[in-house]
Amino acid sequence: MADPLSLALLSSVTLTEGIKFLYDRAGGILDRARERRAARRSEALELEAAQDPVLGSQLAAASVESAVVERNAAALEGLRTVLTPYVHGELAADPRDAALRDQVEALRGLLELLYGQRIAFRGESRGKTGSTIDVEAVAREVEGRLTAVRAKKLSGGAKLRVRTDTDHVGSGAEVIGVDLDDIQG
């Protein structure tokens, strides 16, 4: 689960670097998604690995379905817009600003969803970059198909911990924790 309070423990400089990192990653993903859309290509997007001094450790490369990016594109764009003044130095990133922490955490959460792994900044009190992503799918009633995680590939040492909790699964319905096409070390 996200812990925006861990961002409060960072220095203003580290938070600013973290915002820039997330902003750039999101921008790159959106650019590639736009290029694929214009070329009418729908195959998975390959997300590059990243080793940045602001990260606690390396962010592994990942593959994400174009549809997942498209479903989250408006949120990514909106959060980038809100964070633009911090990236360009028009506003100072204050780790005590709860609204800013929430916005940064929202962008980080979307990128963690797309990469399938945790993104942590140096000095933060949360799991290191590349560590396990926790997914919880809770539903009272399932009448169709509920899939907690659907991915083409799990690679680069990314780890998932998935829990599903349902009260009732209807006749012919199904609940799937993880649906992966390919697992690579």
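The values are calculated or read from the model by the stated rules, or taken from the named source; none is laboratory data. Please read all numbers here as calculations on a predicted model, not as lab measurements. Ideal geometry is used to build each Cβ from the backbone, glycine not excepted, and the neighbour counts take in all protein chains shown. These area figures cover heavy atoms from the full protein model, side chains too; ligands, DNA and RNA do not enter into them. Shrake-Rupley method; radii C 1.70, N 1.55, O 1.52, S 1.80 Å.
With K and R counted +1 and D and E -1, the other residues having a Cβ less than 11 Å from that of Y86 yield a net charge of -2. If you plug the beta carbon distance of A75 and R150 into 1/(1 + (r/R0)^6) with R0 = 22 Å, you get a FRET efficiency near 0.75. Using only C-alpha positions, report the orientation-averaged shadow area of the convex hull of segment 1-81, nm², one decimal. Hull-based average projected area comes out at 6.1 nm².
Order the following by accessible area, largest value first: R41, R108. Probe radius 1.4 Å; ligands, DNA and RNA are ignored.
Correct descending sequence by accessible area is R41, R108.
3J(HN,Hα) couplings calculated from phi for segment 40-57 with the Karplus curve 6.51 cos²θ - 1.76 cosθ + 1.60 (θ = phi - 60°) are, in sequence order, 6, 9, 10, 5, 4, 8, 8, 9, 6, 5, 9, 10, 10, x, 6, 7, x, 7 Hz; Gly and Pro show x. Quick one: go through segment 16-44 and flag any residue whose amide nitrogen is under 20 Å from the point 7 Å out along the Cα-to-Cβ line of S66. Under 20 Å, as judged by backbone N against the label point of S66, lie 26-44 of segment 16-44. Local charge for L110 was computed over the other residues whose Cβ lies under 12 Å away, with Lys and Arg +1 and Asp and Glu -1, and equals +1. Here the accessible area of segment 1-112 is 54 percent carbon and sulfur, with a 1.4 angstrom probe and all protein chains present.
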